[in-house]
Amino acid sequence: MNAVWYFDLVSPFAYLALGEVEALASDVSVTFKPVLFGAILSHWGQLGPAEIPPKRVQTYRLCVFTARERGIPFRFPPSHPFNPLTLLRILTALEGRHDAVRTVFDLIWREGRDFGAEKTLDLARQRLGIGNFESIIEARDAKAKLRAETEAAIASGVFGVPTLSLGNELFWGLDAMPMARAYLANPRLFEDKEMQRVDHLPTGAVRPRPAEASAGT
């Protein structure tokens, strides 16, 4: 079974999940797909965790705690969220090459580098062996490809990052990795009665969206 792992460098949970995805790659073929988390949020009308002040604090604490519990070297960059576009385009130009993905994630989340600093980009160029980012982005049409990959991810049902796709099933988030491994061991995992029932559970109540609520006042 082939796997696709959708990620954005802005996500600390993607970094925390990376080791598990790398381990998974020893058993199945994994394609690493950079996508734009912001565009995914906009499509589904969502806010990111860092855009809700109380959730931001809880999210950041959970990331630090989880990294410590798992023994993963981890340090938040000086500011977050940040704009990951240039390096997402580079990883797209490199077709999601695994070693490049690991290199960039480590630069941001292991070393806690300032993503907006030119020194960080210089380190990225050095470690990736790329002298001119803009040239390779343009030569490989990475801007358009990143947009297209993000649109394709949305079309397949991706609503957040990281998301692991196994066949026709999606597994969202770091905490879904045990379920993904269980599915690999038993592809009929979702075929029992209760799993089937929750797949088609009726909606009992629907909250109005903010725009709808405003229109009604």
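If both residues of a DSSP beta bridge must be in the stretch 3-190, then about 60% of such bridges are antiparallel.
For n ≥ 4 DSSP H runs only, could you compute -39500 (n - 2.57) per run for the chain, divide by its residues and tell me the 222 nm figure to the nearest 500? That calculation yields -15000 deg cm²/dmol at 222 nm.
Dipole magnitude for the chain: computed about the Cα centre from +1 point charges on Lys and Arg Cβ and -1 point charges on Asp and Glu Cβ, it is near 400 debye. Computed from label points 7 Å out along Cα-Cβ, the spacing between Asp192 and Met179 is 1.4 nm.
Taking other Cβ atoms within 10 Å as a rough exposure proxy, Tyr6, Tyr15 sort from fewest to most as Tyr15, Tyr6. The slack in the chain from Asp114 to Gln58, taken as 0.36 nm per residue of separation less the alpha-carbon distance, amounts to 18.0 nm.
Relative to the current alpha-carbon distance between His80 and Asp199, full extension at 0.36 nm per residue lengthens the span by 39.3 nm. In plain terms, the chain from Ala139 to His43 could stretch by 31.7 nm, reckoned as 0.36 nm per residue minus the Cα-Cα distance.
Each of Asn2, Val21, Val57 was placed along the dipole of the stretch 1-58 (beta-carbon charges, centred on the mean Cα), and the one lying farthest toward the positive end is Val57.
Normalised Debye scattering of the chain at q = 0.08, 0.11 Å⁻¹ gives log10 I(q)/I(0) of -0.32, -0.60, counting only Cα atoms as equal scatterers and leaving out solvent. When only C-alpha pairs under 8 Å and at least 6 residues apart count, what is the relative contact order of the chain, in percent? Relative contact order for the chain comes out at 28 percent. Pairs of Lys residues in the chain, spaced 8 or more positions apart or belonging to different chains, with C-alpha separations under 28 angstrom: 6 in total. In the stretch 27-112, the C-alpha radius of gyration followed by the widest Cα-Cα span (Dmax) gives 14.5, 40 angstrom. With both labels modelled 7 Å from their Cα along Cα-to-Cβ, the Arg68 to Ala23 distance reads 2.2 nm.
Every number in this text was worked out from the coordinates using simple rules, so none of it is lab data. Since we're looking at a predicted model, the values are computed, not measured. Note that we place each Cβ from the backbone using ideal geometry, even for glycine, and neighbour counts take in every protein chain shown.
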